Structures are given as structure tokens and as C-alpha cells.
Amino acid sequence: MPATPARPDVILYYPIGYVDKREPYRESDGRIETYSNSITVCWDHNSGIYSENPIGGTYATPNPFNANRQFIALEKSFLKQLEQDPDFIQGANPYVLREKMKLSANAILAYAPDKISLQLTEESIFYTLIKDDITLYLQHCLVDELDGRDEALISIQRNNINLFNYGGSLPEAIVHIKNFLIPQYNPVPEFA
Amino acid sequence: MNYPEEILPGIEYKQINCDLSGHFLLRFVETSDPSKLIDPVTEKLSVNAICSPREHIQDLSMNLLGIFKADYMHLAFHKSVYGKFMEYCDPDTIVDVPIFEKEFYHQPNRAGWYIDINQLHNKLFSYQKGNQDLTAICRIIHSPMRWNYWHFSIRWTTDQNLEDMDLKQRNNVAQKIGFAARVQFASLARMQPPDCPILEKACYCKN
């Protein structure tokens, strides 16, 4: 379990491989602590520098502000693509589409991706996400085919080796992602 | 511009059933725009460049590289002659040679991707649909067309009894298989033509 911090900007150390599922929180002095499945992640609010790992290994380093930046970028990309293809889904309300996009985007940004992209495909929003050595593909189907809920398809690969393929409701898909990636924030796609 | 007659079906040809290990399939897409071909995140072929989601990948058209050269991806037909050339046929069907401009033309805005047959044929894809674990097997089948004897199809068999399903359910299963397959293809595909052997004549000639 945690060793005593050696530096003021370092909060906790965990051994590599230790999994901590606690929610991230903000310290009273402005530091924000998050957790990863590989090692403690610390970010100094004042310096903007990630702490070094004193016990070896590599950091998975989610910047809590990255999620917001990434969300803005995704939303911009979504709106631009929607503008370029107004018949993307005939008769669909752009406001509803945007809200649906927010649900799936927020849900996967919770995994603090290293890289993420969004593409509108036929009646779907297609995300590609890389986090460490995991590549996640998520297709958020905007037109339901079965029971009225938004459906999603996911495929998860590690170093090009397929680990998992799933098709079902969006909330269920998000739950399955948790078996491979640890969320840094709490994804809540229940209303999809 | 002359049509490459060596890719047309002919009386001397037979169905290809031999081992195609070491050979590659080519599929072309109707764009040469890199932003549509390459996924900026993976820096590989975009999953959506494999085929459109609506195609469901149930019968994906491919071409066996070898006698069919990568450049032939630019052969395009006018819609008015689709019925004459874009149809499946027996391998030994005798067809007219397409006429340049009247029937076919050069379409420069295409790009191709290439995949090793070994990585697909008889490979099992598993996926979860709701709470069910399902499997599908990928098959590479020679399916000559009137414009191209070297046309192949990627098809699927599943452990689901598709005959008992209604169309909507069948499409739903196909959608799941298709997604998993497109992702896998995108990670395996090459963007540059590989060095590829020419198929032995005994594999495709009757005598």
C-alpha cells in the first residue's frame, strides 16, 4: 500500500499493477489526484507538471483538463461533420444527435484516452481511442434496431491482438469497457 | 486504353479451390483522400474505409492480387453496363472485352488496401451480443464476375441459426460480425501493394 510521499507534489505511490478504483478528487490546495491501473498518477496544479515515478515504471498520466479539451475537440469535430452532411440521419433532430454524442463522448473520455477521434458514419458515431497499449473502437448507433435504446458496438485490441468484441446497449458496452480500462472519472451513460 | 483481358473469365479457366497461402487480396475504396483513408489515432487504415457499416461485410468484394495488378483497381464501369459486367458468372464464361469510354473508364480517385489471406481464411471471430457469446468464421471464396475472373468474396458462417431469424435479427447479427471484422481488417490491412506470387496455372486452368 502507499508509501509516504517524498515530495510535496506527489500524493501517493502504488506499486505497478496495483488497481485503485477510487474516484479522483481535488485536494484543498488545488492538486487533483487521479488513479490508473498501472501506477499512481499525480498532477501538480501549480506547476502543471506530472510527478516523477520514484519507484520505476511508466505513468499513465491523465490530465484532468485534457478530458475537457478533448471533449471540446470532439464536439467541434461532430458539429463540423454534421454541418457538412446535413442528411447524416434524415429527419433527425440535430439537438438530439448532439446530446447523444455527448453521452457517448463523455462516457469514453472518462478513460482519459491518450488519443481519440470521432467520425460520423452511416447512422453512427464512430470513436477510435488509444489508451496505453489498448485501442478501443466504439460505434454508437444512433438509430436503434432492437429495443429502442441506443446501441453500441465495441472492439478492443491490445497491440493489434483482438481482446473483445461486443454489441448491445450503450450503457452495457460502457460497462464492458471497464474490464479493460479503468475510468478516471465516472461515466454515466444510463440515459442513452 | 485497352482492357486487361487476362482478368476476364475464359473458357480455359476453372473455379479456384487450391491453397492460397502467401497470397493477398486487394479491395479498393472510392476515395484517395488520405484523411478518409487513414485513422488519425491509429495511423492505420480507417475502419470506415474497409467498407460502409451498411454493407455489413456479409459479402465483401475482393480481388486476388497477382495476375490482377494493383493498378486495375482504377477500372470503373458505367452504370449502364453494370448488368453486362458486374454480375457473378461461371469461371469459364466467355464475355465481351469491355470497350474503353463506352463501357469502362479510368477512375483515378481510388485507393486500395491489401490483406494476407492467411490472416483471414477460416479464422474465427468471437463476439458478444448482449449476454450471448457468439462466433463467426471467415471464408474466402472465389466468386468470378463478368468483369474480373480474379474476384473473390469474404463471407461468414456463424454458430447462429440464421435461417430461423427474421430479417431484422439477421441484420443485427451481421452488424455485430461486421463491426468486429472491419476493426480486425483495419488492423491487419496494408496500404502498400505487397510482393505477391502469381498463382500456379494448375490452380486456375482446366488443363
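Of all the listed residues (B:LEU134, B:LEU162, B:LEU167, B:LEU188), the sole one being at pLDDT 85 or above and either farther than 15 Å from B:CYS51 by Cβ or open to solvent by less than 10 Å² (accessible area, probe 1.4 Å) (or both) is B:LEU134. The set of residues from the stretch B:121-143 being more than 10 Å from chain A (Cβ to nearest Cβ) and in contact with an Asp or Glu (Cβ under 7 Å, 6 or more places away or on another chain) comprises just one member, B:THR135. Here the condition is being open to solvent by 80 Å² or more (accessible area, probe 1.4 Å) and either outside any loop (DSSP other than H, G, I, E, B) or within 22 Å of B:SER32 (Cβ to Cβ) (or both); of B:SER80, B:SER126, it holds for B:SER80 alone.
Selection of first residues in the stretch B:116-143 that are more than 15 Å from B:GLN184 (Cα to Cα) and of second residues that are open to solvent by 60 Å² or more (accessible area, probe 1.4 Å), restricted to Cβ pairs under 6 Å at least 6 apart or on distinct chains, gives the following pairs, ordered by first then second residue: B:ILE140/B:HIS121; B:ILE141/B:ARG155; B:HIS142/B:GLN15; B:SER143/B:TYR88. On the basis of being out of contact with any Leu (no Cβ under 7 Å at 6 or more places or on another chain), within 12 Å of chain A (Cβ to nearest Cβ) and either aromatic (Phe, Trp, Tyr) or open to solvent by 50 Å² or more (accessible area, probe 1.4 Å) (or both), does B:ASP195 make the cut? Against the criterion (out of contact with any Leu (no Cβ under 7 Å at 6 or more places or on another chain), within 12 Å of chain A (Cβ to nearest Cβ) and either aromatic (Phe, Trp, Tyr) or open to solvent by 50 Å² or more (accessible area, probe 1.4 Å) (or both)), B:ASP195 does not qualify. For A:GLU99, the test of being open to solvent by 60 Å² or more (accessible area, probe 1.4 Å), more than 9 Å from chain B (Cβ to nearest Cβ) and either touching a Phe, Trp or Tyr at 6+ places or on another chain (Cβ under 9 Å) or closer than 21 Å to A:ALA67 by Cβ (or both) is passed.
Considering only residues that are more than 16 Å from the chain's Cα centre (by Cα) and aliphatic (A, V, I, L, M), look in the stretch B:144-182 and name the one that is nearest to the other protein chains (Cβ to nearest Cβ). So, considering only residues that are more than 16 Å from the chain's Cα centre (by Cα) and aliphatic (A, V, I, L, M), the one nearest to the other protein chains (Cβ to nearest Cβ) is B:ALA180.
Of the residues contained in the stretch B:20-36, one or more are found to be touching a helix residue (DSSP H, G or I) at 6+ places or on another chain (Cβ under 6 Å) and small (Gly, Ala, Ser).
Pick from the stretch B:152-207 the residues that are among the aromatic types (Phe, Trp, Tyr) and part of a helix (DSSP H, G or I): which of them is farthest from A:HIS140 (Cα to Cα)? Here the answer is B:TYR204. Restricting attention to the stretch B:1-31, and to residues there that are closer than 13 Å to B:LYS201 by Cα and of a type in the set (A, V, I, L, M, F, W, C), which single residue is most open to solvent (accessible area, probe 1.4 Å)? The qualifying residue most open to solvent (accessible area, probe 1.4 Å) is B:CYS18. Take the conditions (1) closer than 30 Å to B:LEU188 by Cβ; (2) open to solvent by 30 Å² or more (accessible area, probe 1.4 Å); B:VAL97 misses just one of them, which is (1).
Scanning the stretch B:31-42 for residues that are of a type in the set (Asp, Glu) and either at pLDDT 90 or above or under 14 Å from A:LEU138 (Cβ atoms) (or both) yields a single hit, B:ASP39. Given the condition of a type outside the set (Ser, Thr, Tyr), within 30 Å of A:ILE154 (Cβ to Cβ), in a loop (DSSP other than H, G, I, E, B) and touching a strand residue (DSSP E or B) at 6+ places or on another chain (Cβ under 6 Å), answer yes or no: does some residue in the stretch B:96-115 qualify? No, the stretch B:96-115 contains no residue that is of a type outside the set (Ser, Thr, Tyr), within 30 Å of A:ILE154 (Cβ to Cβ), in a loop (DSSP other than H, G, I, E, B) and touching a strand residue (DSSP E or B) at 6+ places or on another chain (Cβ under 6 Å). Go through the residues of the stretch A:106-113 one by one and say whether even a single one is within 12 Å of chain B (Cβ to nearest Cβ) and of a type outside the set (A, V, I, L, M, F, W, C). Yes, the stretch A:106-113 contains a residue that is within 12 Å of chain B (Cβ to nearest Cβ) and of a type outside the set (A, V, I, L, M, F, W, C).
The values are calculated or read from the model by the stated rules, or taken from the named source; none is laboratory data. Since this is a predicted model, take the numbers as computed values, not measurements. As a convention, Cβ positions derive from the backbone with ideal geometry for all residues, glycine included, and neighbour counts pool all protein chains shown. These accessible areas exclude ligands, DNA and RNA; they are computed on the full protein's heavy atoms, side chains included. Shrake-Rupley method; radii C 1.70, N 1.55, O 1.52, S 1.80 Å.
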